[in-house]
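Following: one structure in structure tokens, then a few remarks.
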Amino acid sequence: MEELILFLVGVLVSAFGTVIGFGGGVFMVPILIIFFGYNIEIAIGSTMAALVPASVIASVFNLRDRSIDYVVGTLIQLPAVVGTVLGAFMVAFMPVLKLQFVFALFVVAIGATMFAPKKKKARSKRSGVMYRMRRVPTSFIRKNKAKHLAYRLNAGLVSTFGFVSGVMAGLFGIGGGFVQTPAMIKLFRIPPQIATSTSLFILVITSFTGFISHFLLGNVMWSRSLPLVAAFALGALGGNLLKKRSGPQGLKMEKLIGIGLFLAGFGVLMNLAIKSKFGFSF
């Protein structure tokens, strides 16, 4: 009975994570620990194993849909690898628990801005960090002919963001998908369908490397991982079919991402509570 419940929960988490471009790992790890009694290392290893086929399935759908921006994905992922290594080293010198608490509140606040209804009065703000970052000169224009979309980007700014997201991942021990997706939409103004697909493409690489690491550490027990692997694969399939049915996203997608950020912030707080008790993180 427990395996069936875990399977159903995994399908729902993966489907939701696929739709909003987060993958679902930040939601699943605390669920496995709190409700299913998983050891924290096994919970992380199982989730990493489940994310590999889920992200591959999602990316195959997005490849056929021509909604992945490989240039943006590369500009984010390569500096993120360097940032993750640096962040892991910084853990020894910084008050990580306090920073993680502030970060969780920040994630919830960003979720609120995405979920809040837009005001009808369009007031053009010509100050603030977001405005200045958007005013950075354009390096290149990305065109998606299949979707009839175009957007301007600064390669240096995108790469810097990738590095910063990597530092956060290494410092806090969390995946960067739920940071990257809203930043691509809000900061770089990449269309939501491109942003979510690109984030899931990045997840293919990060989940695979994470899975290999945890497998070598002995944190992947196939008897406990396989039901979750099957659930995440099915959830990714369902999430992509749901995306196809709902058609072009937009404001609706932003609200779903806002809900996801609320849940992700809660997940980070759960991680904080677990880490302070057991001395580990995910």
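The values are calculated or read from the model by the stated rules, or taken from the named source; none is laboratory data. Worth saying up front: this structure is predicted, and the values here are computed from it rather than measured. Please note: Cβ atoms are built from the backbone with ideal geometry, for glycine as well, and neighbour counts cover all protein chains shown. Note: areas computed on protein heavy atoms with side chains; ligands, DNA, RNA excluded. Shrake-Rupley method; radii C 1.70, N 1.55, O 1.52, S 1.80 Å.
Numbers at a glance
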item: Anchor LYS243: aspartates and glutamates whose Cα lies under 20 Å away (excluding residues fewer than 8 positions away in-chain); result: ASP65, ASP69, GLU254
item: Accessible area (Å², 1.4 Å probe, nearest 10) - LYS98; result: 150 Å²
item: Sequence ranges 226-236, 195-205, 56-66, ranked by mean other-Cβ count within 10 angstrom, highest first; result: 195-205, 226-236, 56-66
